[in-house]
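Written below as structure tokens is the structure these notes are about.
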Amino acid sequence: MWELPAYMRQLRLSDGFVTVQYLHSYMVSTQEKIMNWLNIIVLAVFVLCIMNGIRRGFIRTVAAMFSILVSIVLVYFLNPYVVDFVEEKTPIYDTIEEKCSESIAAGLEGELGEQDQTVFIEKLPLPESMKSILKESGESYGSSLADVFAGYLSSSIAHMIVNSLSFLVTFFVISLILQFAVAALDSIFSLPVLSLLNRTGGAAAGCIQGLLIVWVFFLVITLFWSTDWGRTAVEMAKENHITKWLYDSNLLLKFVSGFMKI
């Protein structure tokens, strides 16, 4: 935490009575906002991935990333079947919808026009891509009653959460299988001594890998938006310009949104 000597905190600036004490307080409060635990986690992920990329080199890091990309493509085709199974054969969807309905209904009263619906959706702690889907799908509701609108929102968000949850589980299983395959190939083919160029490329690839991990982490946060810790995590993400941009620009979530249209 930034600290200034006591005598400097009492200095007066120009002809006014503004003291450095105010500057000191502002610096402390600003730092507390910038360095919350979520920001530290995001920073640590990038640092560790870059260091690991330097250690492993460009070829091995890209091989690991390639397995992630293959996993995403496979998940894209398999996920719809997983979602159908989860929604029809398990109580997960009904449980999530009930929790969402309780959370949304608490903030709605009376009738809502289309403009009121849009304002309410904007206040939800969700990424911009998910808000856009809700607003586009809800335009036909017009001046529906609040309970009807709450039911629409809860079922829509529950469907999105089930899609995202199925995506993560399927992605994890496929990635695990491919990681074993990459490890087997790595043990078979020996690589030459890492050069500076290879290490630099590994650092860049590690940075991209860290970005993918952060986006997966933000996707998990989105799944638990209706919980206390989920809302807190979203608020922390939006306190910092960089993490806010990463949260709202989550390409992985936009990719998932491609097959979660309502």
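Some values worked out for this structure:
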quantity	calculated
Condition met for LEU165 (modelled with pLDDT under 80 and touching a helix residue (DSSP H, G or I) at 6+ places or on another chain (Cβ under 9 Å))	no
The range 25-58: number of residues that are at negative phi and at pLDDT 75 or above	22
Unique residue being over 26 Å from ALA237 (Cβ atoms) and either at pLDDT 85 or above or among the acidic types (Asp, Glu) (or both) when the list is TYR81, TYR22	TYR81
The range 203-222 residues that are closer than 14 Å to ASN250 by Cβ, paired with ones that are outside any helix (DSSP H, G or I) (beta carbon under 7 Å, 6 or more apart)	TRP215/ASN250; PHE218/ASN250; LEU219/ASN250; THR222/LEU126; THR222/PRO127
In the range 90-130, the residues that are at pLDDT 70 or above and among the acidic types (Asp, Glu)	ASP94, GLU97, GLU98, GLU102, GLU122, GLU128
Given (1) of a type outside the set (A, V, I, L, M); (2) modelled with pLDDT under 80; (3) crowded, with 19+ Cβ neighbours inside 10 Å, number of the condition SER144 does not satisfy	(3)
Contacts under 9 angstrom Cβ, first residue in the range 149-169 being free of Cβ contacts under 8 Å to residues at least 24 places away in the same chain and closer than 13 Å to LYS99 by Cβ, partner assigned to a helix (DSSP H, G or I) and of a type in the set (Ser, Thr, Tyr), 6 or more apart	none
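The values are calculated or read from the model by the stated rules, or taken from the named source; none is laboratory data. A quick note: this is a predicted structure, and the numbers were derived from the prediction, not measured. All Cβ positions, even for glycine, are placed from backbone atoms using ideal geometry, and neighbour counts span all protein chains on display.
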